[in-house]
Amino acid sequence: GCFASFYNWRDGIGPRKDRKPVNSEYWGGLEENFTGTAEFLEMCKMVGSEPFICVNMITGSPSEAAAWIRYCNSTDGDQMDKLRKEHGYGDPFRVKYWELDNETYRRWGYEEYARRCIEFSKSMKAADPSIQLVLVGYGSFNVNLREMLDIAGKHIDLVCDRATTEIALKKDLEIISEYNRKHGTNIRLCNTEWWAHISEGKGSLARKIMANPLDPERIATHQVKVSWNYAMNIAYKLLMFQRLGGDFEFSNFN
């Protein structure tokens, strides 16, 4: 989430005893950095999950993102490859999917974000041409998806829309397919953060939780309220994602 827009990946590497806690700019409190890049990727390996990392564009830089990729994936004996090995990880992590920040419409208009994606893509793919980059295409950006693809389409691999209706996602696929036919590209669609809303009176429980996500009472309520309604909603969404076909590559449940 928005945590990514303030995260410096170097705070979470190396021996844990040497890592310093930092203020969590978005959520409040302290980020202890006990779980960093290696711990996250080791967990993905243990559970058989494909890792997916969100880079910091809003307060980070293309060079920082490229260095993170080299730290994860390089086998060239460069500085980042050597640093990872010094930290006890001889083999590369081979992280394939990288999202170009989160909810970037909070800071930029669609044109500026798309142009910045080109800048980041050039640096990141120079570090590893095999990676797959995800463009933020949801929120206020969604109405300008065609224009964003016209700007940055040749530099990205997937578009993310966090919509959860079949109509909305099929519209995205039509726009993406149109661009692919015209330019010979192979851009796909994904959803990096979706909810299974629970109907509760006048508004969804998810919306009430998001009004104050750190309130322990709301968190406890969320846990208690998980029900058959919730489970069936999740099943419905997963079946919907499958019906979209191979051009819809993956979804991440929030």
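Looking at S130, S121, which is the one that is buried (at least 17 other Cβ atoms within 10 Å of the Cβ) and small (G, A, S)? Outline the logic, then answer.
Values: S130 fails: buried (at least 17 other Cβ atoms within 10 Å of the Cβ).
Matching residue, one of S130, S121: S121.
Would you check if N186 is surrounded by fewer than 18 Cβ atoms within 10 Å (Cβ to Cβ), out of contact with any strand residue (DSSP E or B) (no Cβ under 7 Å at 6 or more places or on another chain), at pLDDT 95 or above and more than 24 Å from R10 (Cβ to Cβ)? Steps first, answer last, please.
Numbers: surrounded by fewer than 18 Cβ atoms within 10 Å (Cβ to Cβ): yes; out of contact with any strand residue (DSSP E or B) (no Cβ under 7 Å at 6 or more places or on another chain): yes; at pLDDT 95 or above: yes; more than 24 Å from R10 (Cβ to Cβ): yes.
The answer is yes for N186.
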Item to check | Cross-chain or 6+ apart pairs with Cβ under 7 Å, the stretch 72-98 first and aliphatic (A, V, I, L, M), then open to solvent by 50 Å² or more (accessible area, probe 1.4 Å) | outcome: M80/R70
Checklist entry - Restricting attention to the stretch 8-59, which residues are open to solvent by 40 Å² or more (accessible area, probe 1.4 Å), more than 16 Å from H87 (Cα to Cα) and hydroxyl-bearing (S, T, Y)? => result Y26, S49, T59
Item to check | Within the stretch 84-113, tally of residues that are touching a helix residue (DSSP H, G or I) at 6+ places or on another chain (Cβ under 7 Å), farther than 24 Å from T164 by Cβ and assigned to a helix (DSSP H, G or I) | outcome: 2
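Output the number of residues of the stretch 85-115 satisfying the condition of being open to solvent by 30 Å² or more (accessible area, probe 1.4 Å) and farther than 19 Å from F3 by Cα. It would help to see each step written out before you state the result.
Step one: list which residues in the stretch 85-115 are open to solvent by 30 Å² or more (accessible area, probe 1.4 Å), which gives 85-91, 93-94, 96, 105-107, 109-112, 115.
With farther than 19 Å from F3 by Cα added as a condition, the list becomes 85-91, 93-94, 96, 109-112, 115.
Result for the stretch 85-115: 15.
Only one of T59, T35, T75 is in a loop (DSSP other than H, G, I, E, B) and in contact with an Asp or Glu (Cβ under 7 Å, 6 or more places away or on another chain). Can you tell me which? It would help to see each step written out before you state the result.
Working: T59 fails: in contact with an Asp or Glu (Cβ under 7 Å, 6 or more places away or on another chain); T35 fails: in contact with an Asp or Glu (Cβ under 7 Å, 6 or more places away or on another chain).
One residue alone meets the criteria, T75.
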Checklist outcome for this item: Only one of (1) open to solvent by 30 Å² or more (accessible area, probe 1.4 Å); (2) farther than 18 Å from E99 by Cα; (3) free of Cβ contacts under 8 Å to residues at least 60 places away in the same chain does not apply to T164, and that is (3)
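Conditions (1) more than 20 Å from E193 (Cβ to Cβ); (2) in contact with a Leu (Cβ under 9 Å, 6 or more places away or on another chain), marked per residue:
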{"site": "E32", "(1), (2)": "yes, no"}
{"site": "T35", "(1), (2)": "no, no"}
{"site": "E39", "(1), (2)": "yes, no"}
{"site": "K45", "(1), (2)": "yes, no"}
{"site": "E50", "(1), (2)": "no, no"}
{"site": "V55", "(1), (2)": "no, yes"}
{"site": "I58", "(1), (2)": "no, no"}
{"site": "S61", "(1), (2)": "yes, no"}
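The values are calculated or read from the model by the stated rules, or taken from the named source; none is laboratory data. None of these values were measured; they are calculated from a predicted model. For neighbour counting, all protein chains shown are included, and Cβ atoms are generated from backbone atoms with ideal geometry for every residue, glycine included. Ligands, DNA and RNA are excluded from the accessible area calculation, which covers all protein heavy atoms including side chains. Shrake-Rupley method; radii C 1.70, N 1.55, O 1.52, S 1.80 Å.
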